[in-house]
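Rule-based calculations on the coordinates, nothing more; no lab input. This is a predicted model, so every value here is computed, not measured. Reconstructed Cβ throughout: ideal geometry from the backbone, glycine too, with neighbour counts over all protein chains shown.
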Amino acid sequence: MPSPVGHSLIGLTLGVAFLLPRCRGADWRQVVYANRGALLAVVLAANACDFDYLPGLLVGAPNSLHRWLGHSGVWAALAGCTIWLLWRRAAPRLPRWALPVLLAAALSHILADYSDEDTRAPFGILALWPFHDGFMIAAHPLFLSLEKASLAAACSWHNVRAVAHEALLTLPPLLAVVFYKLRPMRHDAAATQAP
Ligand SMILES: [Zn+2]
């Protein structure tokens with residue numbers, strides 16, 4: 001499965017693309033700060049399925065429930081809706097696309113984990129539960145598996161390579177949407193060209 005780095009970059013790409021307005025480079029920091037709640041919400045939604053570590057952590061076996069029902073599309077959609085409800089309680093007015101973007105971010109987790117090189121049985125995730133109760137995994141994985149057997153394994157060179165590989169795949173789309181958002185707007189360009 002991709003690490004939180006990969007999932008967060010995918011969520012941020014969706015958030016920047018659909019929840020942030022276009023602006024000039026000079027205003028970018030201000031726009032990001034003003035929309036920090038939206039960016040936090042999409043990052044949370046993109047990582048929400050991995051909260052299925054928590055029950056296992058309480059009994060000292062983090063992987064015991066990981067990648068089961070918590071990694072189904074239905075569960076991801078519920079997580080996206082829950083984050084939307086919490087956000088709606090906290091903010092007076094949400095962006096128009098808030099709910100669809102949160103759902104897309106939550107479901108992106110399922111797609112990313114489906115596209116992962118899983119080395120531990122049962123291979124894959126219950127992506128389509130309850131409509132299909134088999135574990136599903138892509139024939140040609142995009143992401144490398146992570147070592148998680150121990151703290152030493154989690155800090156291994158293999159994991160550094162796996163996270164770098166994720167960043168290589170997920171950072172360019174984020175940079176592309178940021179670049180698009182910072183392009184001079186039409187009226188700015190017209191103003192620049194005016195005599
Ligand atoms: Zn996951």
Rounded to whole Å and ordered largest first, report the semi-axes of the equivalent ellipsoid of the range 77-166 derived from its Cα gyration tensor (root of 5λ). 30, 19, 12
Computed for the chain: size of charge dipole around the Cα centre, +1 on C-beta of each Lys and Arg, -1 on C-beta of each Asp and Glu, debye to nearest 20, value 980
Treat each spin label as a single point 7 Å out from the Cα along the C-beta direction, and report the Leu78 to Phe123 distance in nm. 2.9
Mean Kyte-Doolittle hydropathy of 0.5 or higher plus an axial Cα length of 18 Å or more: which whole DSSP H helices in the chain meet both? 4-19, 73-90, 98-114, 157-182
Using 0.36 nm per residue of separation minus the Cα-Cα distance, give me the extension gain between Lys181 and Ala91 in nm, one decimal. 30.0 nm
If I take all pairs of Cα atoms in the range 4-193, what percentage of them are more than 21 Å from each other? 56
